[in-house]
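One structure is given here, and the rest of the page talks about it.
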């Protein structure tokens, strides 16, 4: 997980989903969707956006398989399908997710805005070389 990719997606729209408790135990530090995804080495915000874009049943299955894959999963997670259904319902609706700017699009648009500057700079360098300055 890269910090620049994650930082660009730290929006509150996924908070209800990411900070939802997975377990109902009385641990001091409860297990949340965020901690599950992080333990699996998955970017929580990217995965939340991905799950929100999937059809509900596919999202539930995907999240259930992730919960079941938690190293040392306890018996509290055995019904990961039911748990996943409850958690997926906490994701924002698709239009809200679709409104998120994609990191690639932002980078692409910013790099295109600099293109005329780079062309002008290259032309200036070529003129200086040709005139001997």
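Note on residue 113 and residue 58: the model spin-label points, each 7 Å out from Cα along the C-beta direction, lie 3.4 nm apart.
Full extension of the segment from residue 93 to residue 120, taken as 0.36 nm per residue of separation minus the current Cα-Cα distance, would add 5.2 nm.
Full extension of the segment from residue 16 to residue 130, taken as 0.36 nm per residue of separation minus the current Cα-Cα distance, would add 34.9 nm. Each label point was placed 7 Å from the Cα along the Cα-to-Cβ direction; for residue 43 and residue 65 their separation is 2.1 nm.
Quick note: the coordinates plus some simple rules give every number you see, no bench work behind them. Quantities reported herein were computed from a predicted structural model and do not represent experimental measurements. Counting neighbours? That spans all protein chains shown, and the Cβs are built from the backbone with ideal geometry, glycine included.
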